[in-house]
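The values are calculated or read from the model by the stated rules, or taken from the named source; none is laboratory data. Note that the structure is a prediction, hence the values are computed from the model and not measured. Cβ atoms come from the backbone with ideal geometry, glycine included; neighbour counts cover every protein chain shown. Each accessible area value is taken on the protein alone, full model and side chains, heavy atoms only, with ligands, DNA and RNA left out. Shrake-Rupley method; radii C 1.70, N 1.55, O 1.52, S 1.80 Å.
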Amino acid sequence: MSTQLKKGVLEMVVLSKIAQKDSYGYDIYQYIDGYMVISESTIYPILRKLTKEGLCSTYLRESNEGPPRKYFKISRLGISRLGELKVDWKKFENVVNTLIRSDRYE
Amino acid sequence: MNKNEFLRQLEKELGILDKVERKELLDFYEERFYNGIYYENKTEQEVVLELEPPHVIARNILDQYGIKPKHVSRPEERYEGVKLGSIIWLGCVDLFLLSWIIPTLFGVTVAMFGAVLGYLPVFTLVIGEKSTYDVMIFWFLTGVFILLFNFALVILDLFIWTLKKSLKFHLDTFKVRRRAEFNKKMNRINVDGFIKKRKKLLSLKRLTFIAALLLVGIFGFRLAINADNIYGLYVNQISLTEIETYDASDDVLNSIPWTVDVDVDNMKIILVQSETNEIVVTREYQEEPIDFSMEINDVTHTISVMQEIEDNYWSFNLDINLEEILRMIKPDVITIAIPEGIVLQYTELETMNGTIKVVGMTMIELVINNVNGAVTVESVDVLTNITINSFNSNVQVEDSTGSGKLFVKTANGRISIAESDFQRYELDTENGRIYLEELNVENKDGVSLDAETSNGRIVLDNVYVGKVDLETSNGNIIYNNEDQSFDVDYSRNTGNGSTTGNVN
């Protein structure tokens, strides 16, 4: 998949992953990487940005196996932003599909 | 690469970002390492291999900030402010280091090119009437000046380099905008690079350099083998004379001792017997030297010839011109003639470059110091010691006596002693042979003799000294005595060489 395409949706994808379940950085990366190959280094700045914009919050969760990890939890603002993004994506998807289809059948 | 190295490098690559931001991003990677190590039981190296290299990570991250990698290449473009500490440090460097380094280098550079200009008078050698030697000297000096010019270019580059570095240091300290760009442009300025970029110029430079080496080599060699002729030729050209005399008849009658003290830069010194009852000091010269004095003092009974020697070799007085070079070929000559009846007290002769010759003298003690030029002592009788300290000289002592020690030390030169009689001998050279002949033959009363050389043979012929110690690293040792009944406590040591002779 094109890097450029991925880039545009990555924010939404990350946010939706957090919305499903509180997760830590590497976990989020591995999850997304399972579906579409991405560079680990693109995830972290996005997480930072989301936190900064208040779309999610962080907390440390202790573990018996090792040092505590920083978990990301979606905020109310994040939930509503995710809703908006999903609506946008649907619209976008339709538009793009239409464009591609017309292209094909012309 | 381990975890710390990885994080440090990443931090460096992210230098453009502000501290808090950088810290947060690095935290992710730190956690990432913990995750690998504690939760997945991997080593630091394994985690590093899983990750992209720091510069790629940095590029990806910065890309998300809309920063193009080309802006990130220089770490100094950080958004941090100017630090007081670094300004103070800069001030100290300016005050204590640059304040003298830059003017000094500038002076040296100018002096070097000034010296190169000294080439112009060399042309006078081949204008108009010229001898073969003129032409030889001309080509030799041409070679020398080409080499000098090459050296001057190196010095110029050094000066430019220092200027650039100090300018960059200032710009960095004050975090001047766009300094990276400026530094880049500045870095292109240097002579060597300028020449290297132009193929023709480079080949010209190389060609002249090789030619210069050849010229110096070939004509240097030809000049060296004709040195005597050239010497004669140029000596006869210019010769001024200055004479001081003093009628010492009374002193001879009353046997009043005199003192001789000569300390000059580049002059030949001759000390001989006068044919009359006059003390005669003669100087043959080409040009009046600076800070020079020549005096016969009849109150203190002292003959002194003095020259203030510039001992600061680093002041780069490189005003080389033909006269200076000729003076090296043909130094001034100081001749001091002493009436036969006068006994000299402590006598010290000192010159930097020049031969020293002492003939037919009676004195209490003789000390000779020079660097270049042969030392000859002939028919000199001293009451105590003769001490000769030299560097690149052959030393010859002949027909002389003393009741003390004959001490000779030279680094590159031969030592030969003949027909003399001293109680003790201490002879030392680095690269040179030692020849000893007919010593203490009459009285056979020599007490001890130490002779040492690193490279050279040692030859003793009829040396009647009670205790002899010879040492050479490379060379043969030969010791023969006509009178074999004379008992010698003889020890010798040679690294590479044989020991022969009838003395054992």
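Which order do peptides B:240-246, B:431-437, B:273-279 fall in by mean Cβ count within 10 Å, highest first? Could you put the intermediate results ahead of the total?
Values: B:240-246: 13.1, B:431-437: 20.4, B:273-279: 15.6.
Ranked from most to least packed, the peptides come out as B:431-437, B:273-279, B:240-246.
Grab the DSSP H runs of chain B that are 4 residues or longer, score each as -39,500 (n - 2.57), total them, divide by all residues and round the 222 nm result to the nearest 500 deg cm²/dmol.
Values: 13 runs with 183 residues, N = 504.
Taking each H run of at least 4 residues, the total per residue is -11500 deg cm²/dmol.
In straight-distance terms, cross-link reach from B:K409 covers every one of the lysines whose alpha-carbon lies under 25 Å from its own, apart from those fewer than eight places away in the same chain; here that gives B:K268, B:K357, B:K444, B:K467.
Site pair B:V359 and A:W89 shows an inter-label distance of 11.3 nm when each label is modelled 7 Å from Cα along Cα→Cβ.
Leaving out ligands and nucleic acids, and using a 1.4 Å probe, what accessible area per residue does segment B:395-490 come to in Å²? Don't skip to the end; give the middle numbers.
Numbers: 4040 Å² over 96 residues.
Value returned for segment B:395-490: 42 Å² of accessible area per residue.
Summing +1 for each Lys or Arg and -1 for each Asp or Glu among the other residues whose beta-carbon sits under 13 angstrom from that of B:F159 gives 0.
Length gain on complete extension for the stretch B:T282 to B:E430, per 0.36 nm per residue less the alpha carbon to alpha carbon distance? Before the final figure, lay out each step's value.
Numbers: separation 148, 0.36 × 148 = 53.28 nm, distance 3.49 nm.
Extra length available between B:T282 and B:E430 comes to 49.8 nm.
Please list the three semi-axes, largest first and in whole Å, of the ellipsoid equivalent to segment B:3-77, using sqrt of 5 times the eigenvalues of its alpha carbon gyration tensor. Working shown, then result.
Working: eigenvalues 116, 27, 21 Å².
In descending order, the three semi-axes are 24, 12, 10 Å.
Interface residues of segment A:7-39, defined as a loss of at least 40 Å² in heavy-atom accessible area between the chain alone and the complex of all protein chains with a 1.4 Å probe, are A:K7, A:Y26. Among the protein heavy atoms of the protein assembly as shown, carbon and sulfur supply 55% of the accessible surface, probe 1.4 Å, non-protein parts ignored. Most simply put, chain B has about 15% antiparallel DSSP beta bridges, counting only bridges with both residues inside it.
Calculate, for chain A, the solvent-accessible area per residue in square angstrom, rolling a 1.4 angstrom probe over the heavy atoms of the protein chains. Write down the numbers at each step before the final one.
Numbers: 6700 Å² over 106 residues.
Per residue, chain A has an accessible area of 63 Å².
When only Cα pairs below 8 angstrom with a gap of at least 6 residues are kept, chain B shows a relative contact order of 8 percent.
Quick check: residue separation of B:I88 and B:E52 times 0.36 nm, minus the Cα distance between them. What number comes out in nm? Let's see the in-between values first.
Values: separation 36, 0.36 × 36 = 12.96 nm, distance 4.04 nm.
Extra length from B:I88 to B:E52 when fully extended: 8.9 nm.
Chains A and B together bury some 2000 Å² of accessible area, summed over both sides, with a 1.4 Å probe. Considering every alpha-carbon pair of segment B:333-463, the percent of pairs per 5 Å bin, from zero through the bin containing the longest distance, is 3, 11, 23, 25, 21, 12, 5, 1, 0. Dividing the convex hull volume of the alpha-carbon atoms in the protein assembly as shown by its residue count gives 312 Å³ per residue.
Could you give the alpha-carbon Rg of chain A over 2.2 N^0.38 Å, rounded to two decimals?
Working: Rg = 16.2 Å, N = 106, 2.2 N^0.38 = 12.9 Å.
It is 1.25.
Here, chain B yields an orientationally averaged convex hull projection of 39.8 nm² when only Cα atoms define the hull. Can you give the FRET efficiency for B:D291 and B:F209, using 1/(1 + (r/R0)^6), R0 = 35 Å, r = Cβ-Cβ distance, to the nearest 0.05? Between B:D291 and B:F209 the formula returns 0.35.
Give me the number: length gained by fully extending B:E21 to B:V367, i.e. 0.36 nm times residue separation minus the C-alpha to C-alpha distance, one decimal in nm.
Numbers: separation 346, 0.36 × 346 = 124.56 nm, distance 7.85 nm.
Length gained, B:E21 through B:V367: 116.7 nm.
Other protein chain C-beta atoms within 10 Å of residue C-beta, averaged over B:22-33: 4.
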